[in-house]
1. How high is the relative contact order of the chain, in percent, with contacts defined as C-alpha pairs under 8 Å that are six or more residues apart?
2. Run the numbers on segment 180-306 and let me know its relative contact order in percent, using alpha-carbon pairs under 8 Å that are six or more apart.
3. 222 nm [θ] for the chain, helices only, -39500 (n - 2.57) per DSSP H run of 4+, per residue, to 500?
4. Multiplying the sequence separation of residue 235 and residue 139 by 0.36 nm and subtracting their Cα-Cα distance, what value in nm do you get?
5. Would you calculate the convex hull of the Cα atoms in segment 1-137 and tell me its volume per residue in Å³?
6. The chain: Rg/Rh from Cα coordinates, Kirkwood Rh?
7. Could you calculate the contour length gain from residue 326 to residue 198, that is, 0.36 nm times the residue separation minus the distance between their Cα atoms, to one decimal place in nm?
8. Between helix 141-150 and the chain, what is the angle of the helix's C-alpha long axis to the longest principal axis, kept within 0 to 90° and rounded to the nearest 10?
């Protein structure tokens, strides 16, 4: 019995060896890493994943259970509503680093605990932070936390050359900035290309003879003000006649948009407010000649598919993003400006794809595996 207990104790502290340890916590970074982990499983590559918060549910049915580490075992489990700037107990993080030996550690940048893991492994492993957001900056707390986390990594993995070249990362040496791409963005492009546009137009009772404007909605007071400006802009845009689909946000019910269109939109304007069980956002993007929004990230997806994009931002509203700042999309702040821009765009060529404009690699999985095994 004594020998058995000693053997059990010895096995309990025997380190687990792995090529790569993923430490994931946020929805965005987890969704981006899942295709890479699935490819690693296919190729029978060795890795482990420590999923925190919402990441636990996301990996549950897509990653082999033998590769999933139980955060509660070390006392590093976090709730789904864990504040992004709240740390884990230092001794718990160090216990993970002591028991899980990894050649490479990959984290996201959304939560401060990920910085703790990068620091804990700094002397024993190559540490990589994956910046999954297509934006390099923003006003929400996420970005200040993300910049703090990435600073602890030996190298940062970026979704695009555009983000990697942003001023926020100017002090990081070029050899520490690796552009691997954004797997989910490429899946969106593939989905767009597979959509039967004729069938979608038939569902909408639209014709292919007239241009289609897709407005991608969000929610909130500032959004509602922007949508009202969009309605006024449509009323002042006499030519060419267009067909309008208003795509509501999953967190909205569409009542505001329907009321605004019914009450204020020119009765001659053909439009449809898509219900949640109607046309999907990707289907709306697929048939659109012009995509309009206030602050939806669908602008990135639209550019990815080579669509023309206009952001309606009322005068005095400070909203901006990197697409606007880099001149990749158009920002209009009055109905008159919208009328001018939409007419010009109907007669212009489509812009280049977002892939080319923002230097997004087409082979993210291959790049990551080369990073892991090619060096």
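Read-outs throughout are calculated quantities, based only on the coordinates presented, and are distinct from any laboratory measurement. What you see is a predicted model; the values in this text were computed from it and never measured. Neighbour counts are summed over all protein chains in view; Cβ atoms, including those assigned to glycine, are modelled from backbone coordinates with ideal geometry.
1. 14 percent
2. 38 percent
3. -12000 deg cm²/dmol
4. Once the chain is fully extended between residue 235 and residue 139, it gains 31.3 nm.
5. 127 Å³
6. Here Rg/Rh amounts to 1.05.
7. Result: 42.7 nm gained on full extension.
8. 40 degrees
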